[in-house]
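Each remark here refers to the structure printed beneath this line.
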2 protein chains.
Amino acid sequence: MPTPPARIEGQIAFIETLDALKQVSRRNLVMDGSRCENSAEHSWHTALMAVVLAEYAPGPLDLPRAVTMLLLHDVVEIDAGDTFCYDEAANGDKAERERAAAARIFGLLPPEQGDALRALWEEFEAGQSPEARFANSLDRFQVLFQNRNTQGGTWRLHDIARPQVERRMAPIRQGLPALWPVVQSILDDACASGILKP
Amino acid sequence: MPTPPARIEGQIAFIETLDALKQVSRRNLVMDGSRCENSAEHSWHTALMAVVLAEYAPGPLDLPRAVTMLLLHDVVEIDAGDTFCYDEAANGDKAERERAAAARIFGLLPPEQGDALRALWEEFEAGQSPEARFANSLDRFQVLFQNRNTQGGTWRLHDIARPQVERRMAPIRQGLPALWPVVQSILDDACASGILKP
């Protein structure tokens, strides 16, 4: 049976559209400090972190579901851009911009496939399922390493203080509680060395 | 029970080491032609392609295994660098350089975890299992889109002709035979429009 052309064409359009996520710049730096990280390589990093850290999930976890969620979690930024987590004004209409992006981008796929992947993105955003909690925790956790390896990175650049970072990291308490002491230890060290305001 | 410190420290060392893959430059361009693609964002792209194109696998496929393989398939380049597929001299000692890299990088992890992930990388390299064939096919397939979207990209830059591309794409015949007509159609168009030598 030949491949139905419309189906594969939609899938290829989606795959080609994904490429643009490599041009979406995040605020944090890559660990050698040479440039900002982009959302595609960030997504790769968090997905592989999920594989390595799955054992710390606090209960039963569908790891492949969490990995797929992390691979997808930022694709709406292709249209909506990255919204800096400490920018309260830009976060005001973030949800609306990202919903429109999801409709267009997942809409490139065959309907049942696009709906399934969009539902996974919505599950990540809602942050309620075990997989979404785990994935959200890793999304936050990754940035800690980058800031501590770049003399404070976005913390210093945007004059962020520890209580703001702790609010941002709060999902880790539920999603990856076993790693909360690691978070605290990194923040203790960052305050002691002066790269994060107390 | 507190997390055994040595275990999590090894895992964090691995996660921090991964960041360097974002600085490994491949030969092909990202699709807007503005710069070379790096191996981290390439790995993300192929992993998400696996999710989207799994239905075309020619037989039973452990998709999570294939996705993890694609997330990992280039991490040895952190030490060994990217070897251009059409550079025959550099490909001479590629296997040896990459084996040493695998020993160091996967060796950062707790032994049983590092061994399991290293085995998955070796399985990808061997290209024999259904998952390895599928993953290798996607690794090749992705570059097609990038070259056709960048006026020939590496094909033009390195004066590559269609028979060389067909040899490079050959794993797709076994790993993703349903997509071989798509490969042929892209190469037909590329030759017709002059971005690939016949």
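Filtering A:89, A:135, A:178 for residues that are within 30 Å of residue B:54 (Cβ to Cβ) and among the aliphatic types (A, V, I, L, M) leaves a single hit, A:135. The set of residues in the stretch A:55-71 that are more than 10 Å from every other protein chain (Cβ to nearest Cβ) and closer than 22 Å to residue A:97 by Cβ contains only A:69. Screening the candidates A:53, A:29 for the property of being more than 17 Å from residue B:47 (Cα to Cα) and touching a strand residue (DSSP E or B) at 6+ places or on another chain (Cβ under 7 Å) yields one hit, A:29. In the stretch B:101-129, what residues are touching a Lys or Arg at 6+ places or on another chain (Cβ under 9 Å), touching a residue at least 24 places away in the same chain (Cβ under 8 Å) and more than 14 Å from chain A (Cβ to nearest Cβ)? Of everything in the stretch B:101-129, those that are touching a Lys or Arg at 6+ places or on another chain (Cβ under 9 Å), touching a residue at least 24 places away in the same chain (Cβ under 8 Å) and more than 14 Å from chain A (Cβ to nearest Cβ) turn out to be B:102, B:123, B:127. Of the residues making up the stretch A:112-145, just one is within 17 Å of residue A:95 (Cα to Cα), among the polar types (S, T, N, Q) and in a helix (DSSP H, G or I), namely A:136. Within the stretch A:87-98, identify whether any single residue is assigned to a helix (DSSP H, G or I), modelled with pLDDT of 95 or more and surrounded by fewer than 20 Cβ atoms within 10 Å (Cβ to Cβ), and answer yes or no. No, every residue in the stretch A:87-98 fails to be assigned to a helix (DSSP H, G or I), modelled with pLDDT of 95 or more and surrounded by fewer than 20 Cβ atoms within 10 Å (Cβ to Cβ).
Annotation note: of A:132, A:102, the sole residue that is in contact with an Asp or Glu (Cβ under 7 Å, 6 or more places away or on another chain) and crowded, with 20+ Cβ neighbours inside 10 Å is A:132.
Just one of the numbered conditions (1) more than 7 Å from chain A (Cβ to nearest Cβ); (2) farther than 23 Å from residue A:28 by Cα; (3) not in a strand (DSSP E or B) is not true of residue B:21: (2). Quick one: count up the residues across the stretch B:79-94 that are among the small types (Gly, Ala, Ser) and either at positive phi or in contact with a helix residue (DSSP H, G or I) (Cβ under 8 Å, 6 or more places away or on another chain) (or both). Result for the stretch B:79-94: 2. Do we have residue A:74 as under 21 Å from residue A:117 (Cα atoms), out of contact with any Gly (no Cβ under 9 Å at 6 or more places or on another chain), facing chain B (nearest Cβ under 7 Å) and modelled with pLDDT of 95 or more here? No: the conditions fail for residue A:74. Among the residues that make up the stretch B:175-188, is at least one of them within 14 Å of chain A (Cβ to nearest Cβ), aliphatic (A, V, I, L, M), in a helix (DSSP H, G or I) and touching an Asp or Glu at 6+ places or on another chain (Cβ under 9 Å)? Within the stretch B:175-188 (the criterion being within 14 Å of chain A (Cβ to nearest Cβ), aliphatic (A, V, I, L, M), in a helix (DSSP H, G or I) and touching an Asp or Glu at 6+ places or on another chain (Cβ under 9 Å)), the answer is yes, since at least one residue qualifies.
Suppose we filter the stretch B:24-54 for residues that are more than 7 Å from every other protein chain (Cβ to nearest Cβ) and more than 19 Å from residue B:83 (Cα to Cα); how many remain? The number of residues fulfilling the criteria is 4. The residues on offer are A:69, A:49, and the sole one that is surrounded by 21 or more Cβ atoms within 10 Å (Cβ to Cβ) and either within 25 Å of residue B:6 (Cα to Cα) or among the small types (Gly, Ala, Ser) (or both) is A:49. If you take the residues of the stretch A:1-18 that are within 7 Å of chain B (Cβ to nearest Cβ) and in a helix (DSSP H, G or I), which of them is surrounded by the most Cβ atoms within 10 Å (Cβ to Cβ)? Looking at the filtered set, the residue picked out is A:18.
The values are calculated or read from the model by the stated rules, or taken from the named source; none is laboratory data. All of these numbers come straight from a predicted model, not from anything done at the bench. Because the Cβ atoms are built from the backbone with ideal geometry, glycine has one as well, and the counts that use them run over all protein chains shown.
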